[in-house]
Amino acid sequence: MSKESKQFLSFDTKVDQENVDPFIKTLNSLEKNGSPLLEIKITSYGGSVSHGLALYDAIRLYPGHTRAIVIGTAASMAAVFLQAFDERWAATHAEITVHNISNTFSLDVLRNDTQQQQKIHELEVSQDLIYAILAKRTNLTLKAVKKLCKEDRAQNAEEALAIGLIDKIV
(Lines give C-alpha, C1' and ligand atoms only; values in the text may rest on other atoms or scores of the structure.)
Protein backbone atom coordinates (compact mmCIF):
# COMPACT_ATOMS: atom_id res chain seq x y z
CA MET A 1 0.00 0.00 0.00
CA SER A 2 1.21 3.48 -0.72
CA LYS A 3 1.07 6.38 1.70
CA GLU A 4 -1.76 7.86 -0.42
CA SER A 5 -4.00 4.87 0.20
CA LYS A 6 -6.65 4.79 2.94
CA GLN A 7 -7.62 2.16 5.42
CA PHE A 8 -11.08 2.30 6.97
CA LEU A 9 -11.74 0.66 10.33
CA SER A 10 -14.36 0.96 13.02
CA PHE A 11 -14.16 0.77 16.78
CA ASP A 12 -17.73 0.16 17.89
CA THR A 13 -17.23 -1.80 21.04
CA LYS A 14 -16.00 -1.73 24.62
CA VAL A 15 -12.43 -0.66 25.39
CA ASP A 16 -11.02 -3.86 26.87
CA GLN A 17 -8.27 -6.39 26.20
CA GLU A 18 -10.47 -8.56 24.00
CA ASN A 19 -11.09 -5.66 21.59
CA VAL A 20 -7.98 -3.49 21.95
CA ASP A 21 -5.32 -6.17 21.44
CA PRO A 22 -6.57 -7.20 17.95
CA PHE A 23 -7.03 -3.54 17.03
CA ILE A 24 -3.39 -2.79 17.94
CA LYS A 25 -2.29 -5.84 15.92
CA THR A 26 -4.19 -4.41 12.94
CA LEU A 27 -2.37 -1.08 13.36
CA ASN A 28 0.97 -2.91 13.48
CA SER A 29 0.05 -4.82 10.31
CA LEU A 30 -0.91 -1.60 8.54
CA GLU A 31 2.41 -0.06 9.54
CA LYS A 32 4.22 -2.98 7.90
CA ASN A 33 2.18 -2.30 4.74
CA GLY A 34 3.21 1.31 4.24
CA SER A 35 1.20 3.08 6.97
CA PRO A 36 -1.76 4.22 4.86
CA LEU A 37 -4.00 7.06 5.99
CA LEU A 38 -6.10 5.54 8.73
CA GLU A 39 -9.74 6.56 9.15
CA ILE A 40 -11.55 5.06 12.11
CA LYS A 41 -15.22 5.45 12.95
CA ILE A 42 -15.74 5.39 16.71
CA THR A 43 -18.89 4.44 18.59
CA SER A 44 -17.94 3.40 22.10
CA TYR A 45 -18.93 3.97 25.70
CA GLY A 46 -15.33 3.36 26.82
CA GLY A 47 -14.03 0.81 29.25
CA SER A 48 -10.64 -0.10 30.71
CA VAL A 49 -8.24 2.75 31.47
CA SER A 50 -5.10 0.66 30.90
CA HIS A 51 -6.33 -0.71 27.58
CA GLY A 52 -7.58 2.72 26.52
CA LEU A 53 -4.17 4.24 27.22
CA ALA A 54 -2.50 1.42 25.28
CA LEU A 55 -4.77 2.16 22.32
CA TYR A 56 -4.08 5.90 22.68
CA ASP A 57 -0.33 5.21 22.48
CA ALA A 58 -0.66 2.81 19.54
CA ILE A 59 -2.64 5.38 17.53
CA ARG A 60 -0.34 8.24 18.55
CA LEU A 61 2.72 6.26 17.45
CA TYR A 62 1.22 5.07 14.16
CA PRO A 63 3.47 6.67 11.51
CA GLY A 64 0.72 7.36 8.97
CA HIS A 65 -1.87 10.13 9.14
CA THR A 66 -4.86 9.29 11.35
CA ARG A 67 -8.44 10.52 11.38
CA ALA A 68 -11.29 9.56 13.70
CA ILE A 69 -14.97 10.20 13.12
CA VAL A 70 -17.27 9.86 16.12
CA ILE A 71 -20.61 8.40 15.12
CA GLY A 72 -23.02 8.41 18.06
CA THR A 73 -20.91 8.36 21.21
CA ALA A 74 -17.29 8.50 22.26
CA ALA A 75 -17.44 8.30 26.03
CA SER A 76 -14.94 7.74 28.78
CA MET A 77 -11.79 6.06 27.44
CA ALA A 78 -13.10 6.30 23.87
CA ALA A 79 -13.06 10.09 24.28
CA VAL A 80 -9.50 9.82 25.60
CA PHE A 81 -8.09 7.64 22.81
CA LEU A 82 -9.89 9.95 20.33
CA GLN A 83 -7.33 12.57 21.34
CA ALA A 84 -4.48 10.52 19.78
CA PHE A 85 -5.71 11.09 16.22
CA ASP A 86 -4.25 13.74 13.92
CA GLU A 87 -7.78 14.75 12.95
CA ARG A 88 -10.73 14.37 15.33
CA TRP A 89 -14.11 14.71 13.65
CA ALA A 90 -17.63 14.10 14.90
CA ALA A 91 -20.97 13.65 13.21
CA THR A 92 -23.52 16.40 13.79
CA HIS A 93 -25.41 14.40 16.40
CA ALA A 94 -22.43 12.79 18.11
CA GLU A 95 -21.68 13.14 21.82
CA ILE A 96 -18.34 13.09 23.59
CA THR A 97 -18.17 12.46 27.34
CA VAL A 98 -15.16 12.75 29.62
CA HIS A 99 -15.30 12.02 33.32
CA ASN A 100 -13.19 11.03 36.29
CA ILE A 101 -12.21 7.39 36.59
CA SER A 102 -14.63 5.11 38.33
CA ASN A 103 -13.80 1.64 39.56
CA THR A 104 -15.12 -1.14 41.73
CA PHE A 105 -13.08 -2.79 44.43
CA SER A 106 -13.46 -6.01 46.30
CA LEU A 107 -14.61 -5.90 49.88
CA ASP A 108 -11.13 -7.17 50.85
CA VAL A 109 -9.53 -4.03 49.39
CA LEU A 110 -12.08 -1.79 51.08
CA ARG A 111 -11.43 -3.43 54.44
CA ASN A 112 -7.66 -3.03 54.18
CA ASP A 113 -6.44 0.56 54.64
CA THR A 114 -3.09 -0.11 52.97
CA GLN A 115 -4.65 -1.71 49.89
CA GLN A 116 -7.30 1.00 49.77
CA GLN A 117 -4.68 3.76 49.78
CA GLN A 118 -2.68 1.92 47.11
CA LYS A 119 -5.73 1.69 44.84
CA ILE A 120 -6.54 5.37 45.38
CA HIS A 121 -2.96 6.27 44.45
CA GLU A 122 -3.13 4.11 41.28
CA LEU A 123 -6.39 5.79 40.24
CA GLU A 124 -4.98 9.26 40.87
CA VAL A 125 -1.90 8.52 38.74
CA SER A 126 -4.08 7.27 35.87
CA GLN A 127 -6.46 10.20 36.22
CA ASP A 128 -3.54 12.64 36.03
CA LEU A 129 -2.43 10.99 32.77
CA ILE A 130 -5.93 11.46 31.35
CA TYR A 131 -6.06 15.09 32.49
CA ALA A 132 -2.73 15.74 30.76
CA ILE A 133 -3.90 14.13 27.50
CA LEU A 134 -7.12 16.16 27.49
CA ALA A 135 -5.39 19.43 28.40
CA LYS A 136 -2.77 18.93 25.67
CA ARG A 137 -5.35 18.41 22.89
CA THR A 138 -8.11 20.82 23.93
CA ASN A 139 -8.41 24.56 24.40
CA LEU A 140 -8.74 24.02 28.15
CA THR A 141 -6.47 24.63 31.10
CA LEU A 142 -5.73 21.75 33.44
CA LYS A 143 -8.14 23.30 35.96
CA ALA A 144 -10.89 23.46 33.31
CA VAL A 145 -10.23 19.84 32.27
CA LYS A 146 -10.61 18.71 35.88
CA LYS A 147 -13.89 20.63 36.15
CA LEU A 148 -15.15 19.12 32.89
CA CYS A 149 -14.33 15.59 34.06
CA LYS A 150 -16.04 16.20 37.38
CA GLU A 151 -19.22 17.33 35.56
CA ASP A 152 -19.43 13.95 33.76
CA ARG A 153 -21.75 15.34 31.08
CA ALA A 154 -22.06 14.48 27.41
CA GLN A 155 -20.91 17.31 25.16
CA ASN A 156 -22.77 17.62 21.87
CA ALA A 157 -20.68 18.10 18.73
CA GLU A 158 -20.87 21.91 18.89
CA GLU A 159 -19.79 21.96 22.55
CA ALA A 160 -17.02 19.45 21.89
CA LEU A 161 -15.73 21.57 19.00
CA ALA A 162 -15.81 24.75 21.09
CA ILE A 163 -13.61 23.26 23.81
CA GLY A 164 -11.29 21.37 21.46
CA LEU A 165 -12.33 17.75 22.06
CA ILE A 166 -12.82 17.54 18.27
CA ASP A 167 -11.53 19.53 15.29
CA LYS A 168 -14.48 19.40 12.91
CA ILE A 169 -18.16 18.53 12.64
CA VAL A 170 -19.18 16.47 9.61
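Here are some notes:
- Positions within segment 5-39 being under 19 Å from His51 (Cα atoms), in a helix (DSSP H, G or I) and hydrophobic (A, V, I, L, M, F, W, C), in sequence order: Val20, Phe23, Ile24, Leu27
- Residue check for Ile130: surrounded by 16 or more Cβ atoms within 10 Å (Cβ to Cβ) and in a loop (DSSP other than H, G, I, E, B): no
- Residue within segment 133-154 that is under 15 Å from the mean Cα position of the chain (by Cα), hydrophobic (A, V, I, L, M, F, W, C), within 30 Å of Ser29 (Cβ to Cβ) and not in a helix (DSSP H, G or I) present: no
- Candidate set: segment 85-121, residues that are open to solvent by 10 Å² or more (accessible area, probe 1.4 Å) and in contact with a Leu (Cβ under 8 Å, 6 or more places away or on another chain); chosen: the one nearest to Gly46 (Cα to Cα): Ile101
- Annotation: Val80 fulfils all but one of (1) assigned to a helix (DSSP H, G or I); (2) open to solvent by less than 20 Å² (accessible area, probe 1.4 Å); (3) at pLDDT below 95; the unmet one is (3).
The values are calculated or read from the model by the stated rules, or taken from the named source; none is laboratory data. Not measured: the values here are computed from a predicted model. Using ideal geometry, Cβ is built from the backbone for each residue, glycine included, and neighbour counts are taken over all protein chains shown. These accessible areas exclude ligands, DNA and RNA; they are computed on the full protein's heavy atoms, side chains included. Shrake-Rupley method; radii C 1.70, N 1.55, O 1.52, S 1.80 Å.
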